[in-house]
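Step one of this worksheet: look at the structure below.
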Amino acid sequence: MSMTGAAYQKCINPDCGAEFDCGQAMFKCPQCGELLDIRYNWDKIEVPGKLSDFAKRWANKDRPLDFSGVWRFRELLSFCEDKYKVTIGEGQTILQQNDAVAEYAEVNPGRLYLQYEGLNPSGSFKDNGMAAAFSHAKMVGAASSACASTGNTSASVALYAHSCGVKCTVFIGSGRIAFGKLSQSMDYGAQTIQILGDFDDCMRQVQDVCTKLGLYLLNSLNPFRLEGQKAIMYRIIEGLGWTTPDWIVVPGGNLGNSSAFGKAFYELKQLGLIERIPRMAIINATGADTLTDLVNNKKLTWNDGKVDQTIIDEYYADLTARNFSPHTCASAIEISRPVNLKKCLRSIEICDGVVRAVTDEEIVDAKAIIGKYGLGCEPASAVTIAGLKHLRAENIIGGDERIACVLTGHPLKDPNVTVNYHKEKQGQFNNPPIEAPNDLDAIIKLIKN
Ligand SMILES: *Cc1c(COP(=O)(O)O)cnc(C)c1O
Ligand SMILES: [Zn+2]
């Protein structure tokens, strides 16, 4: 049995499986508290017969919904009418083949692609999700919204909220936010509340605040956000001439992306639009490696939706007992209780996924390489190249496989990490400014041609 519309919400817990129409904003199953999924009755949707049919939308790019890198794939996320759809031109991203970065990761020439999500309007991939989630917010008539954020969610929420006339409040942890991101939420006009605590504390508070005040929640608990983020995979496929890569490499924070990507591929396969589902590598920072620990050491799996909750409960109880707070320079993934954990486990199963953690030293070196030879990225994005290097050394990823790494955020998001790396000569690839006297001859001597 499934709801009669084109799309509906369904609890991911197989023992519950409750279904709801898309006209409600709930964010967790009201019956059992589990995550909700958006499901489609595909026979009610006119999905193109092949993915390359979407290329025709480029001819109409003067129309905002055809220009949007999310909505030009709208049949694949068909949960609301066009009149509610929100777009500010998200998803004009680049899939760059990069041999110099490939060499660093020991991947063969021509095989590594970098998906630059930092080119989105607010400078991170979050905009893909917000285009979808704010459309749902308009559809349900929400007037006010809120989110907890390590920074990029708040920047994106603030931008989309004012662009479509919804009020917003963003909750950030104290002291841990990169300045580029904080500056955006203030500049875009969000009410910014800085809580004495870390991201996980903010996440708990915002859920209660939203319930009490009836605010529309924009964290990746929101299943509509993940529908928008599926488009990142559609654009990678598009960038590869409508073919799938062998591997997707993605940072793991709250695990919204990894969850969305697995769902995207599952649906494309189900629809007969792709032949093969790529494998996925999800990369944590060692200072925030809950997923890595749970999957690789505690052997936690999706298990047809019957995830062993006691493993998770014990793990979190131990974090609490130790008063554990995650720590990494990659602030966007400094999260120890990822809200989409179970959906991510499902993606790992769908994509035969692997999980690894990389150190801050590896992250900043990889980031410097992406800066030197590519378009740059923020620290959290660089875990992909650091993780890829590990997986190549282990030969889990082959040197001749075709790999797409998702670079989630723009380099200017977190200039402090970059400046410290170079000025304080923290890593292998530092490029510090050279001090020179105010004297022509002395300056000329310093210049290496
Ligand atoms: C939010 C964010 C992440 C983490 O993504 P999840 O979907 O929460 O795992 C990674 N990188 C950047 C730049 C981000 O803003
Ligand atoms: Zn349920």
message: Consider region 222-234. How many of its residues are in contact with a strand residue (DSSP E or B) (Cβ under 7 Å, 6 or more places away or on another chain) and either open to solvent by 10 Å² or more (accessible area, probe 1.4 Å) or aromatic (Phe, Trp, Tyr) (or both)?
response: 1
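I need the full set of residues from region 200-258 which are among the hydroxyl-bearing types (Ser, Thr, Tyr), modelled with pLDDT of 95 or more and away from ligand 1 (no atom under 11 Å from the Cβ), in order please.
Listed by number, the residues that qualify are Tyr216, Tyr234, Thr243, Thr244.
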- request: Go through region 4-19 residue by residue and tally those that are farther than 8 Å from Arg39 by Cβ and more than 10 Å from ligand 2 (Cβ to nearest atom).
  value: 3
- prompt: Would a scan of region 108-125 turn up a residue that is buried (at least 18 other Cβ atoms within 10 Å of the Cβ) and more than 26 Å from Val417 (Cα to Cα)?
  reply: yes
message: Here's a check for you: in region 355-378, which residue that is within 17 Å of the chain's Cα centre (by Cα) and away from ligand 1 (no atom under 13 Å from the Cβ) is most open to solvent (accessible area, probe 1.4 Å)?
response: Arg356
Close pairs (7 angstrom Cβ cut-off, 6 or more residues apart or separate chains): among the hydroxyl-bearing types (Ser, Thr, Tyr) in region 216-230, part of a strand (DSSP E or B) anywhere: Tyr216/Ser144; Tyr216/Ser145
task: State which residue pairs qualify: first residue open to solvent by 40 Å² or more (accessible area, probe 1.4 Å) and inside region 12-37, second residue hydroxyl-bearing (Ser, Thr, Tyr) in any location, beta carbons under 6 Å apart, and separation of 6 or more residues or different chains.
output: Asp21/Tyr8; Ala25/Tyr216
task: State yes or no: is Asp289 acidic (Asp, Glu), more than 26 Å from Cys32 (Cα to Cα) and either in contact with a Gly (Cβ under 6 Å, 6 or more places away or on another chain) or buried (at least 21 other Cβ atoms within 10 Å of the Cβ) (or both)?
output: yes
- prompt: Quick check, is Asn438 away from ligand 2 (no atom under 16 Å from the Cβ), in a loop (DSSP other than H, G, I, E, B) and modelled with pLDDT of 95 or more?
  reply: yes
message: So, restricting to strands (runs of 3 or more DSSP E) that lie completely within region 135-215, which ones have at least 3 residues that are open to solvent by 30 Å² or more (accessible area, probe 1.4 Å)?
response: 191-195
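The values are calculated or read from the model by the stated rules, or taken from the named source; none is laboratory data. Every value quoted in this text rests on a predicted model; they were computed, and no experiment measured them. All Cβ positions, even for glycine, are placed from backbone atoms using ideal geometry, and neighbour counts span all protein chains on display. Ligands, DNA and RNA are stripped out before the accessible areas are found, and what is left, the full protein with its side chains, is counted by its heavy atoms. Shrake-Rupley method; radii C 1.70, N 1.55, O 1.52, S 1.80 Å.
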